[in-house]
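A.B. asks: I'd like to ask you about the structure that follows.
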Amino acid sequence: MSKSLIGKKLGMTQVFSESGESVPVTVIEAGPCVVTQVKTEEKDGYSAVQLAYGEVKPNKINKPQKGIFEKLGVKPKKHIKEFRNLNFENVEPGDKLTVDQFEAGDLVNVSGVSKGKGFAGNVKRHNHATGPKTHGSRAYRIPGSIGATDASRVFKGQKLPGRMGHDQVQMENLQIVKVMKEDNVLLVKGSIPGPKKGIITIESID
């Protein structure tokens with residue numbers, strides 16, 4: 001069975017390996033998640049499993065969602081996500097998935113929304129070089145030439161100032177360093193997208 005969970009980024013720290021090497025890790029609160037729906041090719045046209053995570057007040061969700069949770073006999077959840085094309089043969093609605101399915105050494109893909117930086121210039125957004133600072137130059141951080149003059153327009157795809165960050169990002173082949181089952185926590189080697197308390201998804205690599 002493929003392993004997938006919805007979780008929350010708690011922050012970063014470091015652990016030490018048996019050889020004494022410092023390993024940077026991200027602390028993730030993963031699950032527990034409730035299976036709210038199992039979709040099949042015959043009934044829905046595609047295979048997927050819908051997971052729910054995070055407690056929420058009943059008045060904060062709509063009536064269809066409230067009915068789903070009441071039918072399953074579980075408390076309302078805030079975040080609902082689908083995991084497609086995964087092999088969930090032995091999973092049924094109402095089942096609870098936890099970090100128990102993962103082990104230290106597993107490789108996972110972690111997806112989340114990166115930190116939003118707001119409106120940024122081309123130097124910060126695209127790592128462009130700056131202009132000269134001396135001899136009266138005023139072209140220190142401006143974009144410079146952006147295309148032909150006879151076209152009378154700006155060509156699409158130019159690297160210009162604009163909104164930076166707040167994009168869906170996936171970090172692949174991250175190694176699980178430690179599984180803390182009693183706290184529903186995973187320690188994953190390296191960094192993952194998003195701010196602290198940001199919602200992320202974890203999918204195993206089969």
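A.B. asks: Within the range 40-64, can you find the residues that are closer than 20 Å to residue 83 by Cα, among the polar types (S, T, N, Q) and modelled with pLDDT of 85 or more?
C.D. replies: Listed by number, the list holds a single entry, 50.
A.B. asks: For residue 43, state whether it is loosely packed, with under 11 Cβ neighbours inside 10 Å, in the same structural domain as residue 103 (by TED's automatic domain parsing) and not hydrophobic (A, V, I, L, M, F, W, C).
C.D. replies: Yes.
A.B. asks: Quick check: is even one residue across the range 96-107 over 30 Å from residue 17 (Cβ atoms) and in a loop (DSSP other than H, G, I, E, B)?
C.D. replies: no
A.B. asks: Of everything in the range 104-132 that's among the hydroxyl-bearing types (Ser, Thr, Tyr) and out of contact with any helix residue (DSSP H, G or I) (no Cβ under 8 Å at 6 or more places or on another chain), which residue is surrounded by the fewest Cβ atoms within 10 Å (Cβ to Cβ)?
C.D. replies: This residue is 114.
A.B. asks: With (1) out of contact with any His (no Cβ under 9 Å at 6 or more places or on another chain); (2) touching a residue at least 24 places away in the same chain (Cβ under 8 Å); (3) closer than 30 Å to residue 109 by Cβ as the list, and residue 128 as the residue in question, which single condition is left unmet?
C.D. replies: (3)
A.B. asks: Quick one: which residue in 91, 27 is in a loop (DSSP other than H, G, I, E, B), surrounded by 15 or more Cβ atoms within 10 Å (Cβ to Cβ) and in contact (Cβ under 8 Å) with a residue 12 or more places away in the chain? Spell out how you get there, then give the answer.
C.D. replies: Values: 27 fails: in a loop (DSSP other than H, G, I, E, B).
Selected residue: 91, the only one of 91, 27 that is in a loop (DSSP other than H, G, I, E, B), surrounded by 15 or more Cβ atoms within 10 Å (Cβ to Cβ) and in contact (Cβ under 8 Å) with a residue 12 or more places away in the chain.
A.B. asks: Would you confirm whether any residue within the range 66-77 is assigned to a strand (DSSP E or B), assigned by TED's automatic domain parsing to the domain that holds residue 196 and either touching a Leu at 6+ places or on another chain (Cβ under 6 Å) or crowded, with 17+ Cβ neighbours inside 10 Å (or both)?
C.D. replies: Checked against the condition, which is being assigned to a strand (DSSP E or B), assigned by TED's automatic domain parsing to the domain that holds residue 196 and either touching a Leu at 6+ places or on another chain (Cβ under 6 Å) or crowded, with 17+ Cβ neighbours inside 10 Å (or both), the range 66-77 yields at least one hit.
So that you can scan it fast, the table gives a plain yes or no per residue for (1) within 30 Å of residue 34 (Cβ to Cβ); (2) modelled with pLDDT of 90 or more; (3) aliphatic (A, V, I, L, M):
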position	(1), (2), (3)
154	no, no, yes
190	yes, yes, no
201	yes, yes, no
204	yes, no, no
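The values are calculated or read from the model by the stated rules, or taken from the named source; none is laboratory data. All values reported here derive from a predicted model rather than from experimental measurement. Don't worry about glycine lacking a Cβ; one is built from the backbone with ideal geometry, like all the others, and counts go over all protein chains shown.
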